[in-house]
Each structure stands twice: as C-alpha cells, then as structure tokens.
Amino acid sequence: MIREAQVPMREQDPGSRVHNFSEVPLGYSEEEARQEAGRCLKCKTAPCVRGCPVEVDIPEFIGHVETGDFRAAAATIKRTNNLPAVCGRVCPQEVQCQGVCTLGKKFEPCGIGRLERFVADWELEHGIQSVEPPPPTGRRVAVVGSGPAGLTCAADLRLLGHEVTVFEALHEPGGVLMYGIPEFRLPKAVVAQEVEGLRRLGVGIETNVVVGKTVTVDGLFAEGFEAVFVGSGAGLPRFLGIPGETLIGGYSANEFLTRVNLMRAWQFPEYDTPVRIGSQVAVIGGGNVAMDAARTALRLGAEKVTVLYRRTRTEMPARVEEIHHAQQEGVEMEFLVNPVQLYGSDGVLGEAECLRMELGPPDDSGRRRPVPIAGSEFVINVDTCVVAVGNQPHPLVPRTTPGLEVSRRGTVQADETGSTSRSGVFAGGDIVTGAATVISAMGAGKQAAAAVDRYLGAGG
Amino acid sequence: MHSIVAKRPLGPEIAQYEVEAPRVARTAAPGQFVVLRLHEQGERIPLTLADWDPSRGTITLVVQALGKTTREMHELYGVGDVIRDVVGPLGEPSEVVGEGTVVCVAGGVGIAPVFPIARALKEAGARVVGIIGARSSDLLFWLERMDEATHELVVTTDDGSTGRKGLVTEPLAEILAARQVARVWAVGPAVMMKFCAATASAAGVPITVSLNPIMVDGTGMCGACRVEVGEHVRFACVDGPEFPGEEVNWDLLLERLAAYQEEERCALDKYRRMVQEATR
C-alpha cells in the first residue's frame, strides 16, 4: 500500500519560531527520507525529470535514497545540479517536478524537494565528495554575478575544463540567496557551503567588483577573458511612486531584506547595521518576497504585520507553502487593498491611506485587473512600510556594454541558449527574464554554459 | 582584502589613508565614491574618493571620526591593517567642463573630495577659485594641495583662527556678485551645501552638490539613498552622488540622514565600552 500523503517534515512550532531566525522546516531523518522515497512509483515516463529546469535524474536519486545509499543519491543530483541544498529549500517544486508527478494524479505527489534537501544536507554533514575537474582547456570565462544563474554557469563551465572567474558586486557571493532570501528559509551557512563547494572545484570568485563600474564587460575581454556570462539579476527595486514614500520607515523590500540578511541587522548591535521596526508593519505586495519581508518583520519584534495586496488570495504569486507559513506565524492579510499615500510627522512614517479595490477584466498577465472603488479610502497606522512589488533588471551591465540589445523592460535580449546580440557575451536568469525563480535562473545558467562551451570550441 | 599602506593624521580626529584597491584606482574619476566595510561585523559606509594612483594601485580616503565605523577606523586601523571590503568606484563621475570660472567650495572633510574635482577642472582649462572652510584651523588640511589645484584659494574658519573669520557662503556670495561664474561646486556637510545652494541660486549661478545620504549596497539595489531632486526621487548611489543643488530637497535629505540616530548612538556606545574593556 502506498501512503497517500507525503511523510510530513518536522517544523519549528509557529509560536516559538517567530522569535528566532532559525530555519523553519527541520528536514527529514534517514528513516523518514527512505519512507518518502518508497512512495516514488519509479514510473518509466518520469515526467518529473522534464519538470525540472536542470533535469535532475529524480527516479535514480530517489532509488538510491530508498536503498539508503545517500552518497550515490548526492552524486546523481550533482551530475546536473550544483546547488541542491538551496534548490531543495527554495524551488517551487509544486509547479515543477512535483506538479507533474504521476503519483500526484491520485495522491499527494512524491516529496521530491524534501528528498533533495535531505540528500544535500546529508552530504554537507558527511563531507562533500570532491569532483575532479577535467584537464584544463586553457580558455578563460568571466561570469558576472554570483546568484543562482552565475554560480550554476560557473560550475558547469569549470566541469568542462574552462578557467572561470565569478565577479560579485557585494561582499559575499550568492546574490539573492544571500541578500534576499531570509535565514529562516535558507540558512546563510548552507549557501556558504555550496559556494565553498564551487571554490573547491576550482571556480575563482572575486567579490566587490561591480561590473559596469569597477570594470566593464569590454574591460573583462581586455583582461583576457574569451567569453562573458551576464547573470546580474533583477536587483533594481520598484517603488509605488506614491506621496510619502521617502518618509523614514519606508523601505524597499530589497533594502529591508539586505539589511537583515546580508548585513545581519537582526543581530544588531553585534553587527553594525541597524534596521527600524515599529509595532505596526505593512508589507505591500503578494509574492514570495512580500512573505519573506512580513515573516522577517515578525521576527524583528513587530506587534502586527499586515500584508496589503491589491488583488485576491487566488492571484497571489507567492508559493502556497510561504503563504501558509506566514499565516501560521500570525501575518495578517488584507486583500483588494492598495495604499495611495503615506503620512508622517517630522519625516517619520505614521499612517497609510489606502483604497479598496475590486477585480475588473483581465490585464496583460491574464489576471483580473484590480480597479479602485471610488470613495473607499481608509487610513491605517503604519510605523514601517515595506514595498515588495517586484524588482527590475539591474541596468548597470546593459548600460555599459555597447551593442548589447535590451528590451523595453530593460531585460537583456538572449535566446534560449543565452546567446545575446554581442558575440562572446551570454546572459541568463533574471537579467533576461525579469524577476523569476532560483531554479529557472539555474536552468538558464546551465544552458548558457553549454552555449559558451560550444562557442569556445568553435574557436571563440 | 585591502591593506592600509599609509596613514597620516590631518587634524585632531581626521586622518588620510592610502589603501590598496588596484581595480578602483584603475578606473576612478573625480566625484566617485567607494563603499567600505571594515570587518565581518561591519556596516557598509560610502566615502568619496580623495585621490587615487593607478600605478601604485591605491586610493586615498580622508576620514573624520564621527560615527561608530569612522571612529573605529580612526582609532584602531593603521598601516598594515586590512580593510575587509572596498568596492568602487561607484556613482557617476563629475561632469568636468573646462570653460569659464568655476568656484569650488568645500566644508570640513569635504576638502578631500573637492580636491580631485578642482584639479580636473583646472587641468581641463577652467579658472578655478577654491573656498575651503572649517570650524577652526586644526580642522583644515591640504591647504597646499588645494592651492595647487586652484588658481585662487580663499580659506575661512568659523573662529577666525586661520584665514577669514566666518562661513564659506560669505566669500561665495561676494565672488558671485563680483564676477561672471559658470558654475559652483559644493561638497561638505548637508547644511553647508544647502546654504551654498541658496547662495548660488540667489545669484542665478548653477551649482553642483555631492550628496551623502545613508547607503547600504551603493549599487542601486536598495534605495536607502533616495533623495528628491526637482520633484523626482533619485538614488544618490547610481544617479548621483552629484546633483543640481538648486533642485535638491534639503529638508528631506537632513531628515533621512538622522533616521538611525538612536541606533548610531547605541553602536557607538557599545564600541566605546568594548575599547574601554580592552584597554583596562
């Protein structure tokens, strides 16, 4: 008999976890993992593999978990995925591998993400197997940005024997994995360990280099790099453009999360960077970043955290699990509400005036467009307002790379292999697609690595 | 890792540092800044470049002990010590036009970032008048360097201990009234730049100021440094740091600069206790 439901993963209790930044899900034990692995049907068609942007051989690794050969399971995953501990935690498996799982047609799909996380953590705990990179080709490739796209591209290129240097603008590698995703969802030590794995593979990482400022893409070619992969992400925060947004207490989600995650403001004054958190916090937006900001605000000691979203629960882009976790912890959600003005005294935020909305006809995204209801204004008390309505592609690299074609939205134009309008320049991840997921950026990094390799093989 | 290769005191709590940063030195231009982080627990602070030497691979920074990080740097960081992170050059370079007479005004440690701007303007062919001021003579520095970088130099102190007694805006108003001036540059504390902007506006002369709001990443990612310039919200780190002074919302800048006063005091107190315990 097959278990109908996934083996549950133990979690920190909501009551206690809102007072700490430790990870919420606690992971499977070996026994639990083997039990969950036993639910896999090992179906011949393996739709899960095609559902995975980096095509992990899921049935094979799950088979190894079932027999207790965790090291073999890790080796299987790592053939195509160099950041399994990250993916096992932050991938939207429900719409990828698990979304097409055959078992899922009748019961709950196999817990592929949980198993991936288990295997990755097991390996980190028991010592990472060293992979011997093939003999050097003598070709040099620069990777711009050390987020999911850049790290994946770098690892694949290194495994193909090329010499790779990753350039990161911030002081820690990892991109959004370091500055964006909170500790309680993705411990920074896990990211650091995955990055360490790449270093051991021989990938060079230079932090504190802002490509487009410190050195341009053309400057990298002049330094002897033969190809450049641009994975500089969607790092430019979007604001609402409403009056009062510059009041103290108003943050972009990027600033709020960067202060807390990268700069460790939750450990102020042990760490120097502070963050302001009042008692009433409003988070504007309905995506995963909004959930991260809301849950972070609770942990920083806010009394009441409310997510204001201008559509309804159905249109929320956040993962179901994130919404569930946020609500469990006490985050309140107000739907069909949009702030129109922020008020304060002596420059400090105090109130937000909002409008109620209703859903009109569908817009370009296919979702029903929220339309303001006339005369529905109301005012709420707000000490901290975090704007999480999305990020735009970072303009620095496109702006300083002549001949690199850019769309009207500011994204770099690249085909599915990552090739751009400039010979030798490849791009992938959020800089090409606009803000998307970690795993799709990794998929793009992988495709681009193959394209770079072909380009170099063809004589560059 | 960035070693400090030279440190020279310039005043009671001001010092000049020469720091290894070869990539920054290679592409730096007047008006640009770096963000530095002293150590693992440190905050990221922006500092405008005072000078750079591509052949030595170093940059020069002038730092006054004001907040926690600058005080820590002043008291604990000397030659041979390593600054964990230095990133740059950030921001847009100054728009150097070598025509007409340009007045470069600097207040306090603003003398340091004005120096390369004045030098570039003079090299480009402008007639450069410098006005540098401080509270008292012991807070003035680089008089000789500024003398070289300008055609004329006016020095003021609030207490009259060196040069003319009074504020920098007084000689600025006189010069603007007496001569045809193409542009004013002002770098220093926000209040000083605010009054320079008012003085220049009154005389109908365009003014460029270098804004110093709180920053986190310094690369356009967070928006902590939002300033209002002529009704538009701009990011000082990527759109600036230089803006037309007559269009800046100074009150907003001053308010936002004080956003973390309490936390800054807390961090400074903690640092002082740490130093006391260590020296006991």
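The values are calculated or read from the model by the stated rules, or taken from the named source; none is laboratory data. None of the values given here were measured: they were computed from a predicted structure. Please note: Cβ atoms are built from the backbone with ideal geometry, for glycine as well, and neighbour counts cover all protein chains shown.
A few comments on the model shown:
- Considering only residues in the range B:253-267 that are crowded, with 18+ Cβ neighbours inside 10 Å and in a helix (DSSP H, G or I), the one that is nearest to the other protein chains (Cβ to nearest Cβ) turns out to be B:Glu263.
Residue-wise test of (1) within 11 Å of chain B (Cβ to nearest Cβ); (2) touching a Lys or Arg at 6+ places or on another chain (Cβ under 9 Å).
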site: A:Val209; (1), (2): yes, yes
site: A:Lys213; (1), (2): yes, no
site: A:Val217; (1), (2): no, yes
site: A:Glu226; (1), (2): no, yes
site: A:Ala234; (1), (2): yes, no
site: A:Gly241; (1), (2): yes, no
site: A:Gly250; (1), (2): yes, yes
site: A:Asn254; (1), (2): yes, no
site: A:Arg264; (1), (2): yes, yes
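- Residue list for the range A:85-116, restricted to those being closer than 21 Å to A:Cys153 by Cα, in contact (Cβ under 8 Å) with a residue 60 or more places away in the chain and outside any loop (DSSP other than H, G, I, E, B): A:Ala85, A:Val86, A:Cys87, A:Arg89, A:Val90, A:Glu116
- Just one of the listed residues (A:Ala290, A:Ala297, A:Ala326, A:Ala318) is part of a helix (DSSP H, G or I), more than 14 Å from every other protein chain (Cβ to nearest Cβ) and within 26 Å of A:Ile373 (Cα to Cα), namely A:Ala290.
- Filtered residue count, the range A:389-404, keeping only those that are closer than 27 Å to A:Ala282 by Cβ and either away from chain B (no Cβ under 12 Å) or in a helix (DSSP H, G or I) (or both): 2
- The single condition among (1) at positive phi; (2) buried (at least 21 other Cβ atoms within 10 Å of the Cβ); (3) over 24 Å from the mean Cα position of the chain (by Cα) that A:Thr401 does not satisfy is (1).
Residues checked against (1) within 16 Å of the chain's Cα centre (by Cα); (2) farther than 18 Å from B:Phe33 by Cβ; (3) among the hydrophobic types (A, V, I, L, M, F, W, C):
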{"site": "B:Cys196", "(1), (2), (3)": "yes, yes, yes"}
{"site": "B:Val209", "(1), (2), (3)": "yes, no, yes"}
{"site": "B:Arg226", "(1), (2), (3)": "no, no, no"}
{"site": "B:His232", "(1), (2), (3)": "no, yes, no"}
{"site": "B:Val238", "(1), (2), (3)": "no, no, yes"}
{"site": "B:Val248", "(1), (2), (3)": "no, no, yes"}
{"site": "B:Leu252", "(1), (2), (3)": "no, yes, yes"}
{"site": "B:Ala259", "(1), (2), (3)": "no, yes, yes"}
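- Comparison of B:Glu247, B:Glu228, B:Glu242 shows that the only residue that is of a type in the set (Asp, Glu) and either farther than 25 Å from B:Val102 by Cβ or exposed (fewer than 15 other Cβ atoms within 10 Å of the Cβ) (or both) is B:Glu228.
- Which listed residue, of A:His394, A:His324, is more than 27 Å from B:Thr219 (Cβ to Cβ) and not aliphatic (A, V, I, L, M): A:His324
- Spans of helices (runs of 4 or more DSSP H) in the range A:175-263 with at least 3 residues of a type in the set (Lys, Arg) and surrounded by fewer than 24 Cβ atoms within 10 Å (Cβ to Cβ): A:188-201
- Checking A:Pro274, A:Pro269 one by one, the residue that is at pLDDT below 95, over 20 Å from A:Val389 (Cβ atoms) and in a loop (DSSP other than H, G, I, E, B) is A:Pro269 and no other.
- Considered as a group, the residues in the range A:195-207 that are in contact with a Lys or Arg (Cβ under 6 Å, 6 or more places away or on another chain) and among the aliphatic types (A, V, I, L, M) include one that is nearest to B:Val34 (Cα to Cα), and that residue is A:Val203.
- Boolean, A:Phe118 is closer than 30 Å to A:Arg39 by Cα and either at pLDDT 95 or above or of a type in the set (A, V, I, L, M) (or both): yes
- Members of the range A:117-158 found to be part of a loop (DSSP other than H, G, I, E, B) and of a type outside the set (S, T, N, Q), listed by number: A:Gly127, A:Ile128, A:Val131, A:Glu132, A:Pro133, A:Pro134, A:Pro135, A:Pro136, A:Gly138, A:Arg139, A:Gly145, A:Gly147
- If only residues of the range B:217-238 that are of a type in the set (Asp, Glu) and over 17 Å from A:Val210 (Cβ atoms) are counted, the one that is nearest to the other protein chains (Cβ to nearest Cβ) is B:Glu228.
- B:Val205 assigned to a loop (DSSP other than H, G, I, E, B), touching a helix residue (DSSP H, G or I) at 6+ places or on another chain (Cβ under 7 Å) and within 22 Å of B:Val105 (Cα to Cα): yes
- Residue-level analysis places B:Pro54 outside the set of residues that are without any contact (Cβ under 8 Å) to a residue 40 or more places away in the chain and farther than 21 Å from A:Lys213 by Cβ.
- Scanning the range A:62-71 for any residue that is touching a Pro at 6+ places or on another chain (Cβ under 9 Å) and touching a residue at least 40 places away in the same chain (Cβ under 8 Å) turns up nothing.
- Members of the range A:346-378 that are assigned to a strand (DSSP E or B) and either surrounded by fewer than 12 Cβ atoms within 10 Å (Cβ to Cβ) or in contact with a helix residue (DSSP H, G or I) (Cβ under 6 Å, 6 or more places away or on another chain) (or both): A:Gly360, A:Pro361, A:Pro362, A:Phe378
- When the strands (runs of 3 or more DSSP E) confined to the range B:35-113 are screened for residues that are touching a His at 6+ places or on another chain (Cβ under 8 Å), within 13 Å of chain A (Cβ to nearest Cβ) and surrounded by 24 or more Cβ atoms within 10 Å (Cβ to Cβ), those reaching at least 1 such residues are found at B:85-90.
- Residue list for the range B:174-194, filter: over 16 Å from the mean Cα position of the chain (by Cα) and part of a strand (DSSP E or B): B:Arg183
- Flag not set for A:Glu270, criterion: surrounded by fewer than 24 Cβ atoms within 10 Å (Cβ to Cβ), touching a strand residue (DSSP E or B) at 6+ places or on another chain (Cβ under 9 Å) and at the interface with chain B (Cβ under 9 Å from one of its Cβ atoms).
- Residue within the range B:157-168 that is crowded, with 23+ Cβ neighbours inside 10 Å and assigned to a strand (DSSP E or B) present: no
- Residues that are within 25 Å of A:Val65 (Cβ to Cβ) and among the polar types (S, T, N, Q) occur in the range A:123-139; there is at least one.
- Residues in the range A:60-76 include none that are outside any helix (DSSP H, G or I) and either touching a His at 6+ places or on another chain (Cβ under 7 Å) or within 28 Å of A:Gly424 (Cα to Cα) (or both).
Here's the yes/no breakdown for (1) without any contact (Cβ under 8 Å) to a residue 12 or more places away in the chain; (2) within 23 Å of A:Gln280 (Cβ to Cβ); (3) hydrophobic (A, V, I, L, M, F, W, C):
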| residue | (1), (2), (3) |
| --- | --- |
| A:Thr314 | yes, no, no |
| A:His324 | yes, no, no |
| A:Gln328 | no, yes, no |
| A:Asn338 | no, yes, no |
| A:Ser345 | yes, yes, no |
| A:Cys354 | no, yes, yes |
| A:Leu359 | no, no, yes |
